[in-house]
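Reviewing the structure listed below.
Each value in this text was obtained by applying a stated rule to the coordinates, not by laboratory testing. Owing to the predicted nature of the structure, the values given are computational and were not obtained by experimental measurement. Here the Cβ positions follow ideal geometry from the backbone for every residue, glycine too, while neighbour counts run over all protein chains shown.
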Amino acid sequence: MKKYDRAFKLNAIQLSYESGNISRTERELGIPVALLCTWRLKYQKFGMASFCGKGHPRLSAEEEKINKLETELKNLELIYEVLKKEKQNIYHDYSLLYKFIERNKGMCSTNKMCEFLRIDSCSYYRWKKKVVSKKIVSKKADFIIQIKKEITNIFFENKQLYGSPKITKALQGKGYKISEGAVGDYMKQLGLSSKAQAKKSVKLIPTVNSSVVPYVLDPEFKCNKISQIWVSTITYLKTTTGYLYLTIILDLHDKKIIGWSLSNNLKSKETSLPAWEMAVVNRKITDGLIFHSCRGMQYANKRFAKTLSFYKTVRRSMSLKGDYNDNAVARDFCNQLKNKFILKNKLLSKKEMRFEIFEYIETWNNKKEIVFI
């Protein structure tokens, strides 16, 4: 096999790089292409330290560093050539390049990277501003979703009785910085309304020619026997097609409902009178019975007064003007009844409501022990 000295090998390699054609160099020098390729690979690895004798050449630290840098440079040149060929595919979506800069902005200055990638730095900064704005909007949207979830949870955990002030306090207790006005707005958007606030007062206004009587009931509601004191009140119940009005008469001794009426309006012939008629059927009237009610026209009109006056031993009593506490026992029963429907979170039809009221009163009256809260 023909031997070639080091100078010949280096010249052959240099000539092949300059001509850019290995086959042409092979023809000119009369050496095999495979051999020339082997020399080039060795030269790429060891540089000027190649072909120094048998075995692998020993490079100095400086030569190894130079050799490594030359190899990295050639790799970068290769990558750059690939990027140039594929630039039409990459540059159709500049956001890919902007994201690349954002990920690698610590490697060098942003302007220098934009220059290397041949894009306008102003365009990059405009894109970045939009991205930051979107992140802020997205962060706010996430906060709104989270705060609405918290408001909904607090609202239903507290039986739909909390309004914006109490929910705001609960949220602030959890570390949220939010105003009562903002909570109120979110509750409107969610369609949440405190049942405790959505009270509709039943107008029990006495008529002009009414029969109003003084308050004679014991303030401590002392009652030692059945049919000693009966109390009565009227409350509203919301349904899917309007309101129903419930009139009850309660015996203070055993707290049982002895008379009641459910009507579509507030006329006495559909409220107080039917309830009284049921009460006198269910309980025998004793001497000295006190019938206590509010001052509403359903109790103060002449027709109802005449009905009670038929029973000579019945004494009438009415609440003081503007004072609702003196009929608290009857009102407590109504509040407990209404809370039952509030917790269901569903409006009933009038037919369904009538059935529910009947069931509730029957269950109430069958209790062995009645406890008022």
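Which entries in the list LYS166/LYS188; LYS99/LYS129; LYS256/LYS346; LYS149/LYS177; LYS42/LYS68; LYS340/LYS367 go over 19 Å, if you measure between the two C-alpha atoms of each?
Values: LYS166/LYS188 15 Å; LYS99/LYS129 13 Å; LYS256/LYS346 27 Å; LYS149/LYS177 15 Å; LYS42/LYS68 14 Å; LYS340/LYS367 17 Å.
Table pairs above 19 Å Cα-Cα are LYS256/LYS346.
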Self-check item: Residues of the stretch 254-288 with amide N under 15 Å of the 7 Å Cα→Cβ point at ASN224
Solution: 287-288
Quiz item: Shape of the stretch 106-198 from its Cα gyration tensor (a ≥ b ≥ c, root eigenvalues): rounded if a/c is under 1.5, otherwise prolate when a/b > b/c, or oblate?
Solution: prolate
Quiz item: Say each of ALA305 and THR71 gets a label point 7 Å from the Cα, pointing the same way as Cα to Cβ; how far apart are those two points in nm?
Solution: 11.5
Practice problem: Could you pull out every residue, at least 5 positions away or on a different chain, whose amide H is within less than 5 Å of the one on GLY259? Hs are placed 1.01 Å off N in the peptide plane, and Pro or chain starts have none. | Solution: ILE249
Quiz prompt | Per-pair calculated FRET efficiency, R0 = 35 Å: TYR125 and GLN44 via Cβ, rounded to 0.05 | solution = 0.25
Exercise. Indicate the gyration tensor shape class of the stretch 229-365 (rounded, prolate or oblate), computed on the Cα atoms with a ≥ b ≥ c the square roots of the eigenvalues: a/c under 1.5 is rounded; otherwise a/b larger than b/c is prolate and the rest oblate.
Key: prolate
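For the stretch 229-365, what proportion of DSSP beta bridges, expressed in % and rounded to the nearest 5, is antiparallel? Kindly include the intermediate steps, with their values, before the conclusion.
On the way: 17 of 24 bridges.
Looking only at bridges with both residues in the stretch 229-365, the antiparallel portion is about 70 percent.
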Quiz item: Given labels modelled 7 Å from the Cα in the Cβ direction, how far is it in nm from ASN365 to LYS169?
Solution: 4.1
Quiz item: Calculated FRET efficiency, THR240 and ARG331, Cβ-Cβ r, R0 25 Å, to nearest 0.05?
Solution: 0.50
